[in-house]
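The values are calculated or read from the model by the stated rules, or taken from the named source; none is laboratory data. These numbers come from a predicted model, not from an experiment. Please note: Cβ atoms are built from the backbone with ideal geometry, for glycine as well, and neighbour counts cover all protein chains shown. Please note that ligands, DNA and RNA were not included when accessible areas were found on the heavy atoms of the full protein model with its side chains. Shrake-Rupley method; radii C 1.70, N 1.55, O 1.52, S 1.80 Å.
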Amino acid sequence: MLPPKKRPSAFVVLLFAVLLLAACSSKTPEEKVAEVRGQYTVELNAWFPKVVDEPAPADAPLDGEAVDGEGEDAATDEPAADEPAADAAADGETDGEGGEGEGDTADIAEPAGPSTIFFDLVVYFNGDDSLPGITLDVSQADPFEKEKATWRQWVELPSMINGQTEQVTFELEVDDFQDGDAFSVVLETALSAEERSEYREFATAAQ
């Protein structure tokens, strides 16, 4: 006859609970933030250059308004018959002159310039205690996938519950943007202790 199985005593259960609580409370604030960050998922929906409409100059004539010194007759005036074609020499149409031929500058790409890039993404949260915001890593690459620039972008988030989804948008000023460049947005979770100090949520937790 087998002896009856012994149930764990109340003391053993209490001791286990105390040890488990001690293990949880031993985490530093930075470790707790790292754990919560791992409960977020970020997905980039789209990015595109933001088009800014430039206002017309204050002294620009309105549609249909005649410019000073020009009336209806000014638009129909024809040059005198004996007036030389002043544009001929300027266009380099003389034989044997003008250096390089036409079309030499047609294939030159437009120079890079500053642009405002708009980002639209979705943030998912699967956890219990959300953060007031998270820091995202943004990267810019050229058409050959060579990295050109990186940013760390802080985005504020509302208090989120388990399974909640939020749409987030932000803008970045990019100094060197050309056609063919691409951007990516990721949430880095494998951060070293040295890297954590560069992320706002960790810096706030350490205070």
Scope the stretch 164-180; condition within 17 Å of the chain's Cα centre (by Cα), β-branched (V, I, T) and open to solvent by 50 Å² or more (accessible area, probe 1.4 Å); matching residues: T169
Residue list for the stretch 162-207, filter: in a strand (DSSP E or B) and of a type in the set (G, A, S): A182, S184
State all residues of the stretch 36-62 that are modelled with pLDDT under 95, open to solvent by 80 Å² or more (accessible area, probe 1.4 Å) and not small (G, A, S); if no residue qualifies, say none. K50, V51, V52, D53, E54, P55, P57, D59, L62
Identify the single condition in (1) touching a Leu at 6+ places or on another chain (Cβ under 9 Å); (2) part of a strand (DSSP E or B); (3) not hydrophobic (A, V, I, L, M, F, W, C) that S139 does not satisfy, given that it satisfies every other one. (1)
Residue satisfying all of: in the stretch 145-154; in contact (Cβ under 8 Å) with a residue 24 or more places away in the chain and among the hydrophobic types (A, V, I, L, M, F, W, C); most open to solvent (accessible area, probe 1.4 Å) among these: W154
Could you run through the stretch 181-201 and say how many residues are surrounded by 18 or more Cβ atoms within 10 Å (Cβ to Cβ) and out of contact with any helix residue (DSSP H, G or I) (no Cβ under 8 Å at 6 or more places or on another chain)? 4
Please list, ordered by first then second residue, the pairs with beta carbon atoms under 7 Å, 6 or more apart or interchain, first in the stretch 128-139 and closer than 12 Å to R37 by Cβ, second in a strand (DSSP E or B) and aromatic (F, W, Y). G133/W154; I134/Y40; T135/W154
